[in-house]
Every structure is written in structure tokens, then in C-alpha cells.
Amino acid sequence: MDRKGNGRFRAVVIGVSTGGVEALKILLGGLQASYPLPILIVAHIASEASNGLALLLDDFCSVRVKEADELEEIVPGTAYIAPPNYHMQLERDGKITLSVDPPVNFARPSADVLFETAADAMGAGLIAVVLTGAGSDGSIGLKAVAAKGGTTVVQCPMNAVADSMPKSAAAVIKPDYVMPLERIPELLIQLAWE
Amino acid sequence: MDQDELFDIELRLLLSGINQAYGYDFTDYSEASLKRRIMHWFVNSDYATLSDAQARILRDRDAFESLLRGITVNVSEMFRDPPFFKAMRETVIPHLLTYPFVKIWHAGCATGEEAYSTAILLNEEGMAGRFRMYATDINNAVLQKARDGIFPLKEMQRYTRNYQSGGGKKSFSDYYTARYDHAIMMPALREQIVFASHNLVVDSDFGEMHLILCRNVLIYFKPTLKERVLFLFDNCLLPGGFLCIGLKESLEGRKIASRYSEVAPKMRIYRKSYG
């Protein structure tokens, strides 16, 4: 058994854009270092400085936060940030792969790429979260997650710095949960121990 | 069984068929990227199912070539990762200048943007007329684009910024002519590069090299294929020669690693030992 504990979930994926740094501080900041699932994050943050966002969040949060490396095996209690200018994918063997394929939804990394590959890899064992952001990245991916039996979470658009990403996601599917950002850490904890 | 599971089965059958019929082996490509590319090709095709596509592909070389173009198309940018090009100027060039003539292999060059970037850099650093660059790719359609050296003009603004922060010494517009919405690279640059077809999965190397660049190509391969390709590079790289891979790639844990040291931290520029 390669999965941790007896829970039905094996990983969390998150897509976030405008307002992402603050949102991730709140979300990851609400989790303990012992959080039992790996977390994979695509954030559209205009940053040439590789590793910048990961270092900032790692200082701020209890969970370990790092920029994802190629062929890295995902482990619980760790959040992996997609490197700037690369797509991040989850393979069926639980390893991260990167690609420089063209931008999707004008974005590289793209949340759709992460969500779709993670849905393939984890099926019903996946929790996918769409947070604040401009544009519509993550919507198609969220649909793929739902189709594979995964659990979908969308930040309440009224509560988001930029509402179009969560609005678009909630228009494509009926998410399992729509809630304010502040309540999402609690939900992720509850689901993880289910 | 849902549609997606069926697609996965059809995908495995198709890849096996392609290997048997045409000798192109994709079993050691990373699955997520390969599947996305085949899916992308498939939804833009007229086939109702991947099995329909397979029946045609196994019988019709042109249909196969269309798929091959779809799944092996890598993207390339000019002066992607400017700090890397800066490090090239500072750490690699001084060594290359000690040779009367150097040979360079750009493996997996795609549409050629990075090969042109490297050629520009070599010219600016005093290597004009003293190098030959072999730029290779598995995909003949992108190679033709690379040979043509014509790129969208709208990209040039971004490339100019990259060029400048990568230590560019001239005006980037000196290197191309703008025509309508395209930029045509200077013919003198094109003449310094030999574009040729080469499949890293099955082909052997071609001669001794002083510098090999293969950035963001190995990330599409599984470890077994990575090892094979790195062995191929090691085989033709001269002692004291340089190997450049992508910034998120690494020789760590690879069999050839003991013969290489990283000469520019985090820039993934490795030098082969003389031992």
C-alpha cells in the first residue's frame, strides 16, 4: 500500500491566479505540518524568480512548501508549487513530471493540465480546489476531476479577490463545495481524515 | 467501462502497433504529456475513436506522419531562461575560445529558436567562423520550420527582453528582418547551423562534440530513456566538453553523473572530466 492512512483521498490539487499569494497564505496557513495528504499547486504568479513563491510560503506555513522538481515523488504534509514557465503533471505512479508544452488558457503552468493529469492518476482519491483568479483556467480540469469521481471545491466567488475563475468553474460543473476561503482549510482537514 | 478507460486501452494498443509497424517506440515517454498530446491530436482529427485512427495509421504512412508530428512537437523559445545564456557567456565560452574550431550538438531543437539564440551568442563572443552547430529533431515538420528561420513577429518583443537580460551585446533587431507579421532570421546565422533528422530513442551519435545542448527534452522521457540519451551524449562529448540540460532537469542519480561537475550553479551546465 502506498497510500497514507485509511482515508479515501490521496492528494489535493489547487488552482489559483489573481490574489493567489494571500489566498495561499490563508489556505496553507490553516493546515498543520502533519497534514496527511500531498498538495499540488498551480499559481499564476508573474515571477521570473524561480522558487520565490515557494520560499515565501514555506516561511509562513507549517506544511512544507517547495517548488516541484522533476520526477519528485509526492509525500504527505508537503505542498508542491509548479515552477514558473512549466506545466506540472501528476503521473499514475505518484510522481510529478514537468512539461514545456504550449500555454493552456494563456497560462503555463495551467491548472487544467494539473487537474486533468491528477484526475487520471488519482481518480476518486483526488480533491481539487479552484480559488480566486481572473480567466477560466481550472474549469475544464475540475470537470475531469468530477468525472473521475473526485471531490470538487470552489471558493465562493463573492469572497474572491477576482471572481471569474471560481465563477467559471461553478458554471461548468456543480461543485461539491462552494465556500469562503477561510473555511476551506477546515474542509480539507475534515476530508483528509474521513 | 467508461470512455476514458477505453481511450487508455486504445492508446496502449496504438502505441504498440506504431512500434511494430514503424519502429517508433514511445513506451519510454512520460505518460501524462504523451496522453495529452495524443488527445489533442485526436480531438482535432476526424476520427470517431482512437481505434478508427489506428486502423488507418497502421496502413497509411501519411496518417502516421500526421500523428507523429502531433506527438513529437516540442516548443522552443529564443533565449528562454536568460540567466542560463548569461552563464554560457561567462563559463562556457572562455573554454570554447581555446579551441581553433568547435562542434556543437543541439539535440531536440524543435523549431530552432534556441539554436538561433546559441548561434547569436557564439557570434557575439568571438566564435564566428569557428564553430559548426548540428541541430537535430525527430520531427521533420518542425525541422523545416527551423531551417526556414521565420518566426512570428509578435514574439520578438519578448525575445528581445530575454536577449538583453541574457547578456546580449547588440540590438536584437540586427538579427532579423521584419516582413509583414514575421521575422526572418539573418541568412548568415542559418548557414552556421546544420539541421538534421535524429531520433534520440533509437539513433546513435555522430562524432565528437565540444558542447551539447538538450534543454527541456529529457523531461518528456522516463528514467530508462533518460539514461540511454545521457549515455549517448556522454559517448560523443569530448573530455572537458560541456553538457547543458533544462533548469528543472538534473544529472543527480544518473549513471554518467560521476564524470560531470556542474560549473554554473543551478544553470545545469555540466562539464565532463578529463579522467
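Side notes on the structure shown:
- With the highest mean first, a sort of the peptides A:119-130, A:147-158 on other beta-carbon atoms found within 10 angstrom per residue produces A:119-130, A:147-158.
- Each helix, a run of at least 4 DSSP H residues, gives -39500 (n - 2.57); summed and divided by the residues of chain B, these come to -12000 deg cm²/dmol at 222 nm.
- Spatially proximal lysines relative to B:Lys222 (Cα-Cα < 27 Å; intrachain offsets below 8 disregarded): A:Lys4, A:Lys66, A:Lys95, A:Lys148, B:Lys35, B:Lys248, B:Lys255, B:Lys266, B:Lys272
- Chain B - share of DSSP beta bridges that are antiparallel (%, nearest 5): 45 percent
- Here A:Ala147 and B:Ile9 are evaluated by their C-beta separation; at R0 = 22 Å the FRET efficiency comes out at 0.80.
- Sequence of B:Thr177, B:Thr136 once ranked by neighbouring C-beta atoms within 10 Å, starting from the fewest: B:Thr177, B:Thr136
- Taking GluC sites (Glu not before Pro) as exposed when DSSP calls them loop and at most 15 other C-beta atoms lie within 10 angstrom, chain B has its longest site-free stretch at B:1-190.
- The relative contact order of region B:1-150, computed from alpha carbon pairs under 8 Å that lie at least 6 residues apart in sequence, is 20 percent.
- Square roots of 5 times each gyration tensor eigenvalue, C-alpha, region A:11-192, largest first, Å: 19, 18, 17
- Euclidean distance between Cα centres, region A:84-116 to region B:204-275, Å: 24 Å
- Two-decimal ratio, chain B, of alpha-carbon radius of gyration to 2.2 N^0.38 Å: 1.06
- Going from the residue with the fewest nearby Cβ atoms within 10 Å to the one with the most, B:Asp234, A:Asp69, B:Asp60 rank B:Asp60, A:Asp69, B:Asp234.
- Separation of alpha-carbon centers, region B:97-175 and region B:30-51, rounded to whole Å: 31 Å
- Bridge type composition, the protein assembly as shown - antiparallel percent by DSSP, nearest 5: 35 percent
- Helices assigned as whole DSSP H runs in chain A whose Cα atoms extend at least 15 Å along their own long axis and whose mean Kyte-Doolittle hydropathy is -1.0 or higher are found at A:111-122.
- Treating each Cα of the protein assembly as shown as one equal point scatterer and applying the Debye formula with no solvent, the log10 of I(q)/I(0) at q = 0.07, 0.11 Å⁻¹ comes out as -0.39, -0.95.
- Near B:Gly17, once Lys and Arg are set to +1 and Asp and Glu to -1 for all other residues with Cβ below 14 Å from its Cβ, the sum equals 0.
- Take every DSSP beta bridge whose two residues both sit in region A:22-120; close to 45 percent of them are antiparallel.
- Tilt relative to chain B, helix B:61-71 - C-alpha long axis, 0 to 90 degrees, to 10: 60 degrees
- Between helix B:156-165 and chain B: long-axis angle, C-alpha atoms, 0 to 90°, nearest 10: 50 degrees
- Rounded tilt (10° steps) of B:50-59 against the dominant C-alpha axis of chain B: 70 degrees
- 222 nm mean residue ellipticity, helices alone, for chain A (DSSP H n ≥ 4; -39,500 (n - 2.57); rounded to 500): -8500 deg cm²/dmol
The numbers here are math on the coordinates, done by the rules we state, and not lab data. Nothing here was measured: the structure is a model prediction, and the numbers come from that model. Glycine also receives a Cβ, built like all others from the backbone with ideal geometry; neighbour counts cover every protein chain displayed.
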